[in-house]
Amino acid sequence: MNPLLYATGYVGQALFAGRVLYQWLASERAGAVVVPRGYWVMSLLGSALVLAYGVGAHNFVYVMSVLPGTVIAYLNLRVRRQASRRKLLPWAVALIAVVIWAAWKQPRIGEGIWAVIGIIGFLLWGLRHIFQWWVSQRAGKPTLPFSFYMLSLVGSFFLLAYALRRWSVEDAFSLRGKNVPMILGYCFNSIPYIRILLLMRPRATEAAAGSS
């Protein structure tokens, strides 16, 4: 595959990893979970590069997993007014339909248990953005709720398993395989997600106690 295409995928994944690290360090300094504007800027740039890589690598499922985040990153930079669940419903339905279709169309991987794993992973990964956007619109500012990180963590495990399966089938475990950037993208992000969830847990526990 074209070295420039590889570079595009790796730089895009580096921006994805960098945004999580940046937000994690900012949260550690603040002693609470914060979402700096740079997080969304890095998300948008990383998404654009990874989308280009996915198209060049003919990995339609990968493109679909990144596309919702690209749109939501842009919208988070332009949060102005509140949105209702009704307005978000068409986005969620369209995402579910496209992801299911794409996963089943994927050659050799779209069968049996691996199709199920891929569908679950991509749904969790995509729907977390829809939910986060709704919460941010309701709050009037970009925010990342506890459930966003839970969906991210679980979804990343499913997507990593799906990517590893594709690596074994399509790339024969080659380090230059076209699925390697996808594996790296989901391999290391669980560490900051777990730490941020630990930072948020006391606040989530207090909220639950207050509502009971």
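Worth pointing out:
- Segment 133-172 - Rg over Rh from alpha carbon coordinates, Kirkwood radius: 1.29
- Sequentially through segment 37-43, phi angles give Karplus couplings (6.51, -1.76, 1.60; θ = phi - 60°) of 4, x, 4, 6, 5, 5, 4 Hz, Gly and Pro residues having no value and appearing as x.
Throughout, read-outs are computed from the coordinates displayed, never taken from laboratory work. Keep in mind that what you see is a predicted model, and the values were worked out from it rather than measured.
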